[in-house]
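One structure below.
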Amino acid sequence: MKKVLILAYDFPPYNSVGSQRPYSWYKYLPESDVYPIVVTRNWDGIAYNSIEAFTKCTGDVVKEEITSKSASYYVPYKPNLRDKLLTKNGRVYGYLRKILTVLYRLLSFISTKFDNRAEIYYHARKIITEQGDIDYIVATGEPFILFKYAHLLSREFSIPWHADYRDDWIRNHSKNASKPFQKMLLSIERLFERKYLSNVQSLSSVSQFLVEDIKRRTNVEHCFVVENGVDLNLLKSVAYVSNKDFLITYTGIMYDFPYMELLFGAFKIFLEENNCNINIQLRFVGIDSQNNMATEKAKELSELFPHNVKILKRVSVEESIKMQLESSLLINLIAGDPSKGLIGAKCYSYAAAKKPILSITNSESTDTFFFKGRNIHTVVNSERAIYDYLKSYYEIYNSGKKIETDISDEEVFKLSREYFTSVLLKTLKKNYD
């Protein structure tokens, strides 16, 4: 049996898209006679919002979960000064926190003393020293400091390692590279990226565009796509609840892009045209604690139409899937260019729910690789297109017909995390064995 050591920061019980990716490898690799060993941080007692993620974990010792099929180690997390400011004072002292964030971000690449995630590295090193039979190392980022730790472990113990990019390190849509200071930081980080990938065996990312872009920048030869996917077992375990309303749902984080302006205008016209019928319901799930221009626009829409638009708290993955299944339409807000494969991880669970997806982008392009030309997924970038889409499906709803897509069960399986874990393993074996 092969052993793979996985370095991951986000991991259950923390509820995020980032945690589900390494967890799927942990869950499905044993089915292919591979023993996964995950080293992550301790998330016990951490609520699922951006501030509490920076609080101290409940224990000061490494928590272990070891079975005949897998092992996971949860190392203690100790907040640094930036974290303490955030958890104690909320979002005040914003500029000071930003300065500290930049300092820790850069200094962590120079010395582990400045990184409060370094316990992941030290415990991974201890595991290798004690067991001595690790076949591969996989590091998934963000945070990309884990690439440094995989680089060091690979160099010390001569174990091949694989870099997994959930997002691009340098050209990340959440980083404003147009600002001079941000440009300088990214230039410095590009040097670290090249340094730490100097001994990488292979790398993966979530779309073909990102893979090609990273490959061009890093000159790593073995690069391939491992998409995000959806846990079908979880989908099947959720009891379906029928719904009588024309229910439109958005779940997850909302990045600060102008797409909400488009949805605001189109939905306002659509709702007023239909006399604010109470059977038209739009809900935003999980954005209640977010603060940016996009979320403020969603909250403004809720205040304008309190009986039709709801802002809901973040929920568990199971509850989120239940909400998707009971919906008529699912909204996706794309923070990037869909023609470059930037569609959002939620599209996989949306599509598997067999409900039509309306993806709204502020990009000029509405092209997409994700079920292009099918009733599964439609990309729009104007108020008029959003309005027309809502109107057409509302007519179907009023006719009494069931709203569903033409996606097949075989296509759904190829959206699963189980399937994409097999893609990862197949490529690792090809490049490493």
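Observations
Residue-by-condition table, conditions (1) under 24 Å from the mean Cα position of the chain (by Cα); (2) loosely packed, with under 14 Cβ neighbours inside 10 Å; (3) of a type outside the set (S, T, N, Q); (4) more than 20 Å from residue 269 (Cα to Cα):
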| position | (1), (2), (3), (4) |
| --- | --- |
| 345 | yes, no, yes, yes |
| 348 | yes, no, yes, yes |
| 361 | yes, no, no, no |
| 366 | yes, no, no, yes |
| 387 | no, no, yes, no |
| 395 | no, yes, yes, no |
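- Residues considered: 363, 416. Of these, the only one that is touching a residue at least 40 places away in the same chain (Cβ under 8 Å) and in contact with a Leu (Cβ under 9 Å, 6 or more places away or on another chain) is 416.
- All positions within segment 101-118 that are surrounded by 17 or more Cβ atoms within 10 Å (Cβ to Cβ), among the polar types (S, T, N, Q) and not in a helix (DSSP H, G or I): 108, 116
- Residue among 310, 299 that alone is free of Cβ contacts under 8 Å to residues at least 60 places away in the same chain, touching a Phe, Trp or Tyr at 6+ places or on another chain (Cβ under 8 Å), farther than 30 Å from residue 200 by Cα and not assigned by TED's automatic domain parsing to the domain that holds residue 421: 310
- Among (1) at pLDDT 95 or above; (2) among the basic types (Lys, Arg); (3) not assigned by TED's automatic domain parsing to the domain that holds residue 426, the one test that residue 97 misses: (1)
- Strands (runs of 3 or more DSSP E) (entirely within segment 167-279) containing at least 3 residues that are without any contact (Cβ under 8 Å) to a residue 60 or more places away in the chain: none
- Filter pass, residue 403 being touching a Pro at 6+ places or on another chain (Cβ under 7 Å), of a type in the set (A, V, I, L, M, F, W, C) and surrounded by 14 or more Cβ atoms within 10 Å (Cβ to Cβ): yes
Conditions tested, residue by residue: (1) of a type in the set (Gly, Ala, Ser); (2) within 17 Å of the chain's Cα centre (by Cα).
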site	(1), (2)
145	no, no
148	no, no
153	no, no
184	no, no
187	yes, no
201	no, no
205	yes, yes
217	no, no
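- Selection from segment 401-417 of residues that are in a helix (DSSP H, G or I) and more than 18 Å from residue 346 (Cβ to Cβ): 409, 410, 413
- Residue that is surrounded by the fewest Cβ atoms within 10 Å (Cβ to Cβ) [pool: residues in segment 283-310 that are of a type outside the set (D, E, K, R) and more than 23 Å from the chain's Cα centre (by Cα)]: 306
The values are calculated or read from the model by the stated rules, or taken from the named source; none is laboratory data. None of these values were measured; they are calculated from a predicted model. Cβ sites come from the backbone with ideal geometry, for glycine too, and all protein chains shown count toward neighbours.
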